[in-house]
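Structure, as structure tokens:
Readers should treat all values here as calculations from the given coordinates under stated rules, not as data from a laboratory. What you see is a predicted model; the values in this text were computed from it and never measured. Cβ: placed from backbone, ideal geometry, glycine included. Neighbour counts: every protein chain shown.
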Amino acid sequence: MKSDLTKKEACGVFGVRSFDEQNVSRIIYNGLISLQHRGQEACGIATLNENQIHVQKSLGLVSTSYSDRALSELEGRIGIGHVRYSTVGTSTVTDAQPFKIGYPRNGIVLAHNGNLVNYVEMRNELLKNGRNLESTCDAEIIAHKVADELIRTKDIEKAVYNYMEAAEGSYSTGMFTGERELIAFRDPNGIRPFSFGVNDKAAMLSSESVAINVNGIENVQDVKPGEMIIFHEDGKTERKCIMKGEGKHCMFEYVYFSRPDSTIEGRSVYDVRIELGKNLAKEYASNADIIVPVPDTSRSAAEGIARQTGIHVAEGLMKNRYVHRTFIMPEQKTRSLMVEMKLNPIRSILKDKHIILVDDSIVRGTTMEKIVSMVRKAGAKKIDLFITCPPVISPCFYGVDIATHNELIAANHSIAEIQKKLNVDKLCYQSMDGLVKSIGLGNNICKACLTGEYPTCKAQKIADKMKTQKSLTHKRYYEMDHC
Ligand code: SF4
């Protein structure tokens, strides 16, 4: 569960090439099941068998989209899969990934996790050059741009470099060619996570390390920012720095998106969340009776607060695991109803208690208002709300749909006002220092949605404009031709 963060395209990508004769479609299926939390609206698997590329995409969950028969039809030795989240209304099979492009030579297949800031410019350029585009998905733009550059340069290294020169944004990308090469490349800021692992049987790439681990490879590394890796048929791995980058890894991956059993940039997500909780407990005193996490992402932070304070954790809120984001409608009324369907308080735990309620973030504030009201109705007498992330005050252009300043409660209200609006006795946000220390990567994290300072130029320009016109969206900015 999480707060009221409406995430768009917080996707997951998984790729594999086998070095023996095993069929990769089942490995991809297992990988996508492990990445399902990153996107539940659509999924896709593409494989290469001999010279034939097979693609099957579907709306909905991985488990209901691929039968044994479907997986045997997708038999191959190399392949890529994807899970996608987008806002309802734009989620179609046409926009699902991976994308297959019929050129050059035997074609390429590509899927990514992230978001192109200059999507509109790149799309217009491709249309001007006569390319037919089927979807509104930026992975199709990446696929065409790389394919065009491959035709022009006949060199994958140069083609990816030229693509990186033209693109701004986040893109942890997996692709394979009709010539049987599995390739991974990542934007120079390395905003979204991207891992790979190799053993004598297979090479795998994944948005999160956990999907590689469950497929039997323990030793997992990160694709470096600006790096391209080619996994050759003979088992060799070729690593190239295409564009040197500093590394600006999304702090939200640690705070909320990624599974706690994943490791990103050498940091265990679980350990980071424990630290976030411990730090909150150091910064804010509370003599609460119990700590109640909002499931699921806040559990580790609640454990961290408990370790620091000695107050015990109690599961005062139960989550219905079978209500998926697939059914979430964007309207506020439906969103409120979803909170009740998804979460239920346990009265016997909450009644007459002073609680520390723990959650990872507050974006709009509407979902949190609902949760607090639910906890109060269940009898909690006092609520100290601990938030593991500092206030979100600015939009995201790198894959999280935090759309406008208008929507962000902390961009428009003081902490005292938010505390009053949420009806809590104390509101305790993580400090910026506490966040940075807990993640442990120093300056190499993106925290643009917390500071308004973006790691890329166009994003900064758009955000500055949006700050002066608070209802302006990224899309509308381009429509107004401000490129
Ligand atoms: S702006 Fe925020 S959500 Fe977006 S990539 Fe940066 S830290 Fe992550």
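Laid out as a table, the results:
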{"quantity": "Convex hull volume per residue in cubic angstrom - Cα atoms of segment 200-302", "calculated": "110 Å³"}
{"quantity": "Helical contribution to [θ] at 222 nm, DSSP H n ≥ 4, -39,500 (n - 2.57), averaged over the chain, rounded to 500", "calculated": "-9000 deg cm²/dmol"}
{"quantity": "Helix 366-377 axis, angle to the chain major axis (alpha carbon atoms, nearest 10°)", "calculated": "40 degrees"}
{"quantity": "Ranking of TYR254, TYR270, TYR322, TYR171 by count of other Cβ atoms within 10 Å, fewest first", "calculated": "TYR322, TYR270, TYR171, TYR254"}
{"quantity": "For segment 348-373 and segment 77-146, distance of Cα centres in Å", "calculated": "40 Å"}
{"quantity": "Karplus (6.51, -1.76, 1.60) ³J(HN,Hα), θ = phi - 60°, over segment 151-158, in Hz, Gly and Pro reported as x", "calculated": "5, 5, 9, 6, 8, 5, 5, 5"}
{"quantity": "Degrees between helix 269-283 axis and first principal axis of the chain (Cα, 0 to 90, nearest 10)", "calculated": "30 degrees"}
{"quantity": "Calculated FRET efficiency for the pair ASP155/LYS236, C-beta based, R₀ 22 Å, to 0.05", "calculated": "0.75"}
{"quantity": "Sorted by Cβ density within 10 Å, fewest first, the residues LEU35, LEU472", "calculated": "LEU472, LEU35"}
{"quantity": "Contact order relative to length of the chain, as percent, for alpha carbon pairs under 8 angstrom and 6 or more apart", "calculated": "15 percent"}
{"quantity": "Inter-centroid distance (Cα atoms) of segment 238-252 relative to segment 386-411, Å", "calculated": "24 Å"}
{"quantity": "C-alpha center-to-center spacing [segment 15-52, segment 449-475] in angstrom", "calculated": "36 Å"}
{"quantity": "Nonlocal amide H pairs with ILE264, under 5 Å, H built at 1.01 Å", "calculated": "VAL269"}
{"quantity": "Under the Karplus curve 6.51 cos²θ - 1.76 cosθ + 1.60, θ = phi - 60°, whole-Hz ³J(HN,Hα) for segment 316-321, x wherever Gly or Pro sits", "calculated": "x, 10, 9, 10, 7, 6"}
{"quantity": "Sorted by Cβ density within 10 Å, fewest first, the residues ARG186, ARG267, ARG321", "calculated": "ARG321, ARG267, ARG186"}
{"quantity": "Vicinal HN-Hα couplings computed from phi for segment 105-110 (Karplus, 6.51 cos²θ - 1.76 cosθ + 1.60; Hz; Gly/Pro x)", "calculated": "6, 8, x, 9, 10, 9"}
{"quantity": "Given charges at Cβ of Lys, Arg, Asp, Glu: the chain dipole, positive-most of LEU317, ILE264, PRO295", "calculated": "LEU317"}
{"quantity": "Estimated FRET transfer efficiency when R0 is 45 angstrom, pair HIS312-SER67 (beta carbons, to 0.05)", "calculated": "0.50"}
{"quantity": "For the chain: Kirkwood Rh in Å [reciprocal of mean 1/r, alpha carbons]", "calculated": "22.9 Å"}
